[in-house]
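Written below as structure tokens is the structure these notes are about.
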Amino acid sequence: RRQITLRMLSVEQFSFGEFTLSLPTPCASYGFDIRNANGRKGVIDVGREFAFFLVDRFFGGSSGQPLPLHRGLTPIERLAVRIVVERLTTLVEEIWHDHVRLELELSTFESIPEMIQAANQDDPVLVANIEVAVEDQTSLIVVCLPFSVLQTFFSSVDRRRVQDVVTTEQERRVARE
């Protein structure tokens, strides 16, 4: 068991083409459908270093540092890493729940960035870069959502985006309802 630290580095707007150009080759990108958004799709890229760390841990690797290999994930490795990516999609749904309802379902995997087909090259996307640190090794998780799905959040002027901090469980439940 090791401590894993996650730190939000940035949230930026890019075109989808710029996003795919920023990914390394090979990558570990999982595509997902946004079921309630008329065929819109998004991407979660698990950095190669973190992907191979997960594979090493899931398959009983030694306590030493796993070496990230310069190759794509095998089908069995993809399934192992998918467990973590499914949890990430659930967290993304929970994070946006109060602002935009998202129903995410993993659908594809790509190791070649140019082959990712989630949006048109010119479509605007919101990209969150999350640093993952395990001991002296760091990697990046990148979450890419189509901007069109989030436009209600960004275009709402009259809605209050910052909520007061609610302290008790009962108050949180009432605020969610």
The condition from (1) over 22 Å from residue 123 (Cβ atoms); (2) touching a strand residue (DSSP E or B) at 6+ places or on another chain (Cβ under 7 Å) that residue 79 misses is numbered (2)
Of all the residues that make up the range 94-118, how many are within 19 Å of residue 25 (Cβ to Cβ), of a type in the set (A, V, I, L, M) and open to solvent by less than 40 Å² (accessible area, probe 1.4 Å)? 2
So which of 10, 29 is among the small types (Gly, Ala, Ser) and closer than 18 Å to residue 123 by Cβ? 29
Residue that is nearest to residue 75 (Cα to Cα) [pool: residues in the range 5-21 that are among the small types (Gly, Ala, Ser) and in contact with an Asp or Glu (Cβ under 9 Å, 6 or more places away or on another chain)]: 17
Would you check which residues across the range 63-93 are open to solvent by less than 80 Å² (accessible area, probe 1.4 Å), touching a helix residue (DSSP H, G or I) at 6+ places or on another chain (Cβ under 8 Å) and at pLDDT below 85 and list them? 66, 68, 69
How many residues are in contact with a strand residue (DSSP E or B) (Cβ under 6 Å, 6 or more places away or on another chain) and either acidic (Asp, Glu) or over 11 Å from residue 118 (Cβ atoms) (or both) when one looks only at the range 24-34? 3
Residue pairs qualifying under the 7 Å Cβ cut-off, at least six apart or on distinct chains, with the first in the range 80-108 being in contact (Cβ under 8 Å) with a residue 12 or more places away in the chain and the second being acidic (Asp, Glu), are 102/93; 104/93; 105/33; 106/86; 107/33
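The values are calculated or read from the model by the stated rules, or taken from the named source; none is laboratory data. The model shown is predicted, which means the values in this text are computed figures rather than measured ones. So basically every Cβ, Gly included, is an ideal-geometry build from the backbone, and we count neighbours across all protein chains shown. Please note that ligands, DNA and RNA were not included when accessible areas were found on the heavy atoms of the full protein model with its side chains. Shrake-Rupley method; radii C 1.70, N 1.55, O 1.52, S 1.80 Å.
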